[in-house]
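Please read the structure below before turning to the comments.
The values are calculated or read from the model by the stated rules, or taken from the named source; none is laboratory data. Source: prediction; values computed, not measured. Ideal geometry is used to build each Cβ from the backbone, glycine not excepted, and the neighbour counts take in all protein chains shown. The accessibility values were calculated without ligands, DNA or RNA, using every heavy atom of the protein model including side chains. Shrake-Rupley method; radii C 1.70, N 1.55, O 1.52, S 1.80 Å.
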Amino acid sequence: MSSAAPKTVAVIGATGNQGMSVVKSLLETYPVRAFTRSPEKLQSLASEQPRLSIAHVADLTDTVAIKTELKGVWALFVNTYSDYTQPIGAEEKQGRAIVDAARDAGVEWLVYSSLPQGFPFRSFEEKANVAKYAREVAKTSGLKNIFPELGWYMTNIYWNPPVQTADGVVEFRWSCVDETTVFGLISTQTDLGPIIKAILANPSEWEDADIPIVSEAYTVPQIAEIYGKVHNVKTRAVFSEHMVDNKPFPAWPIMGKALTEVGSWPAYKGREQELNVMSKKLFPGLKTWEQWLKENTLNVVKESK
Ligand SMILES: NC(=O)c1ccc[n+]([C@@H]2O[C@H](COP(=O)([O-])OP(=O)(O)OC[C@H]3O[C@@H](n4cnc5c(N)ncnc54)[C@H](OP(=O)(O)O)[C@@H]3O)[C@@H](O)[C@H]2O)c1
C-alpha cells in the first residue's frame, strides 16, 4: 500500500447546489479545500469533517488570492455563479482568473463545470469561452482539463410548479417552449458529487472530454406523464407563447426560444437519448425523474373555478 499523503481537491462554488454535492462526495476519499466568500456557511460541516479546510476568497477575479489558496492542490472543481445583475463578461472574467490561478499554482486537473456549447445564452457562452481559454492554457502548461456540462436541475421544477385545475387535472404550464423541446434532466444535488468523484478516480480517461451530466432526457409532456403515473392523476402539458409571471427567471423567454430553436444540447440535437451515456457509465445509480418525484414533495398550485 502506498504511504503517500492523500491528494487534496479544491472546490470553488463549494456552498452551492453543485459545489456542496461535490464537497460531500469527495470528502469520502480526499482532503477538500472549499472556497467561499462567507466562511460561516461552512463552519458547521468543517467541525464534523476534519478533512475539510476553508479557503476564504472574497473576489473570484483575484488570481493571486486564488493561487495562494490552491497551494498543494491536485485537482480543482470549479462552478462559477451566473450573476445576471452583473455586466456581460463578469462570469468569464472570474473563470479566466481561476484558470490562470490553477495553472500558476501547479494544479494538475481542472474540472470546470460548464454548459452545452453552441447555445445562444449568456451563461452558456461565457462558460464556453472559459473552457476554450482553459484548453489554450493546457497546451502550454501542466494543467489538464475535464468539462462536465450540467443538464437541467430536476429542482428547477420548483420555479414553475404544476397547477391543479378545478376538474382535477394537473397542468404543466410552460411558456416560450413547445411539446418538442427536450430537457436533459439531472438530480444535481444528489448525483453530481458521485459523478465528479468517479471522474477523479480515473481522470486520464476523461482528459479534455465534454461530459453531459444528464440522467434522462424528456419533453414537457413526458415530464407531466411521469408525474401523473407517480401520483395517479391526470396530467396535461400546456404551452403559451408568452410568460405570465417571469419573476423566478426573468431571462426565460430568451432561454426558452433558444431551447426550442437550437435544442438544449446543440451537439446532440435529434439524439438526446444519448445524452446520459457518459454520466451513466460514471455513476450507474443516477436518479430518474420518477425516483426524484417519489422522494421529493412538489407542491401543486390549486386553481379554483
Ligand atoms: N439551474 C440549472 O438547471 C442549471 C443547469 C446547469 C448549470 N447551471 C449553472 O449553475 C450555476 C449555479 O450553480 P449552483 O446551482 O450551484 O448555484 P447556487 O446554489 O446558487 O450557489 C452559487 C454559489 O456560488 C457562490 N457565488 C459566487 N459569487 C456569487 C454571487 N455573485 N451570487 C451568488 N452566489 C455566488 C456562492 O458561494 P459563497 O456565497 O459561499 O461564496 C454560492 O454557493 C450557474 O452558473 C448556472 O448557470 C444551472
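Please state which of the following conditions Lys71 fails to meet, knowing it meets all the rest: (1) crowded, with 16+ Cβ neighbours inside 10 Å; (2) free of Cβ contacts under 8 Å to residues at least 40 places away in the same chain; (3) touching a helix residue (DSSP H, G or I) at 6+ places or on another chain (Cβ under 8 Å). It fails just one condition, (1).
Checked against (1) more than 16 Å from the ligand (Cβ to nearest atom); (2) over 16 Å from Ala209 (Cα atoms); (3) in contact (Cβ under 8 Å) with a residue 24 or more places away in the chain; (4) not small (Gly, Ala, Ser), Asp167 meets all criteria but (3).
Only residues that are open to solvent by less than 30 Å² (accessible area, probe 1.4 Å) and either outside the structural domain of Gln18 (by TED's automatic domain parsing) or within 12 Å of the ligand (Cβ to nearest atom) (or both) were counted across the stretch 91-102, and they come to 3.
With Gly193, Gly168 as the choices, which residue is out of contact with any strand residue (DSSP E or B) (no Cβ under 8 Å at 6 or more places or on another chain), closer than 16 Å to Lys281 by Cα and not assigned by TED's automatic domain parsing to the domain that holds Glu126?
Residue meeting the stated conditions: Gly193.
Taking each residue of the stretch 1-22 that is at positive phi and looking for partners that are at pLDDT 95 or above and not in a helix (DSSP H, G or I) with beta-carbon atoms closer than 6 Å, six or more apart or interchain, yields Gly13/Asn79. Listed by position, the strands (runs of 3 or more DSSP E) contained in the stretch 206-305 that have at least 2 residues being open to solvent by 70 Å² or more (accessible area, probe 1.4 Å), without any contact (Cβ under 8 Å) to a residue 24 or more places away in the chain and within 19 Å of Val170 (Cβ to Cβ) form an empty set. Within the stretch 13-35, restricting attention to residues that are more than 9 Å from the ligand (Cβ to nearest atom) and assigned to a helix (DSSP H, G or I), which residue is most open to solvent (accessible area, probe 1.4 Å)? The qualifying residue most open to solvent (accessible area, probe 1.4 Å) is Lys24.
Only residues that are open to solvent by less than 30 Å² (accessible area, probe 1.4 Å), under 26 Å from Tyr153 (Cα atoms) and either among the basic types (Lys, Arg) or touching a Phe, Trp or Tyr at 6+ places or on another chain (Cβ under 9 Å) (or both) were counted across the stretch 36-59, and they come to 0.
Within the stretch 119-146, how many residues are part of a loop (DSSP other than H, G, I, E, B) and within 15 Å of the ligand (Cβ to nearest atom)? So the answer is 3.
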